[in-house]
Amino acid sequence: MGKVALFVPCYMAALRPEDGRHARRVLERLGDEVSTIVGPCCGQPAFNSGYRSEARSVGRVLLRAARGHEAIVIPSGSCTSMVQHYLPGLWAGPRGESIKRMSDRFIEFGAYVAAHPNVAELALRLPGAVAYHDSCHGRRELGLTEGAVDLLEQIEGLDVRRLAYEAECCGFGGAFTLKEPEVSVAMAEAKLADVASRGVRVLVSGDLSCLAHLEATARATEQPLETWTLAELLDRALA
């Protein structure tokens, strides 16, 4: 049995806290002893808007909460990328090096599950068909796509359908959706058309931020769509 901390990102805690519970149940079924960090922000919204000092202050809260944990699992590729790749650069010199060593303890949820020695013992089973969307951060900065798809394809009865334009952004991009709403919605509509062309009504992603944007656009355009985080899908497959 391993000991891990589950970091539930601020937007997940606010929008769909049940996804944090899905992730926790999966980790516990793997045999891990799980503690939970809920509430802190990784600092990405401030960082992406150019507020480095504010991002550092917010990130410091998360890092303090993570002290004493050897592995911190994040059910978000976007937040994981922020912590691993950008947060250490907000400090100079030895302090930045220390932050980098700590940031290396953070790992994205799907990658953690896929590499876990007990993953085969989960005996995952879930009949049905889903499409998979990976976030830009997950695909380009963390290289998560193939590992996540491989994990999904281990689920008995699940038909995983790859998108034709899977590398294209969903249009969310954090503050981008506020600064360029027309472009953001157009990109979401293109992604939803790709999903519809796969003949599925369930879209799975490792990032709730992408799913929330696509779900809102689908609702506005009256496209039937269910959105599941990877954690929810795995939790469903445990039953």
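The values are calculated or read from the model by the stated rules, or taken from the named source; none is laboratory data. No experiment lies behind these values; they were computed from the predicted model shown. With ideal geometry, Cβ positions are generated from the backbone for all residues, glycine too; neighbour counts draw on all protein chains shown.
General remarks:
- Qualifying residue in segment 94-108 (condition: under 29 Å from A196 (Cα atoms) and of a type outside the set (F, W, Y)): yes
- Set side by side, the residues A175, A193 differ, and just one is touching a residue at least 60 places away in the same chain (Cβ under 8 Å), among the small types (G, A, S), out of contact with any Cys (no Cβ under 6 Å at 6 or more places or on another chain) and surrounded by fewer than 16 Cβ atoms within 10 Å (Cβ to Cβ), which is A175.
- Lone qualifier among G68, G20, G110, G2 - being under 27 Å from E226 (Cβ atoms), small (G, A, S) and in contact with a strand residue (DSSP E or B) (Cβ under 9 Å, 6 or more places away or on another chain): G20
- Check on T217, within 30 Å of A123 (Cβ to Cβ), among the polar types (S, T, N, Q) and surrounded by 22 or more Cβ atoms within 10 Å (Cβ to Cβ): no
- Considering segment 121-138, and only residues there that are under 23 Å from G199 (Cβ atoms) and not small (G, A, S), the residue that is surrounded by the most Cβ atoms within 10 Å (Cβ to Cβ) turns out to be D134.
- Residues of segment 90-123 that are of a type in the set (K, R) and either part of a helix (DSSP H, G or I) or outside the structural domain of I72 (by TED's automatic domain parsing) (or both): R95, K100, R101.
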